[in-house]
């Protein structure tokens, strides 16, 4: 199966400053909030170091935060939970 450039363009996450939006929000929260709380410029140095690392990770796995959201999301339990001490979704 061949992937068309149109499909690849529509399937990739939106980027801002070279990072997907989820990565940029995480970086901003980890840099800007501590800077506001402490007024220490060291957090901008940490951000300058973390940006290329996040850029590399985003290049390898652009949907990382989406995967975390789905994997840690709430899933209702099944009726077997009380019988077998766990959930069974297979047939």
Residue check: is residue 10 outside any loop (DSSP other than H, G, I, E, B) and at pLDDT below 90?
yes
Among the residues of the range 58-81, which ones are part of a helix (DSSP H, G or I) and either in contact (Cβ under 8 Å) with a residue 60 or more places away in the chain or surrounded by fewer than 15 Cβ atoms within 10 Å (Cβ to Cβ) (or both)?
59, 60, 66, 67, 68, 69, 70, 71, 81
Only one of (1) surrounded by 10 or more Cβ atoms within 10 Å (Cβ to Cβ); (2) at pLDDT 90 or above does not apply to residue 37, and that is (1)
Residues satisfying the stated conditions in the range 16-55, i.e. without any contact (Cβ under 8 Å) to a residue 24 or more places away in the chain and within 16 Å of residue 65 (Cα to Cα)
16, 21, 24, 25, 28, 29, 30, 53
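The values are calculated or read from the model by the stated rules, or taken from the named source; none is laboratory data. Quantities reported herein were computed from a predicted structural model and do not represent experimental measurements. Ideal geometry is used to build each Cβ from the backbone, glycine not excepted, and the neighbour counts take in all protein chains shown.
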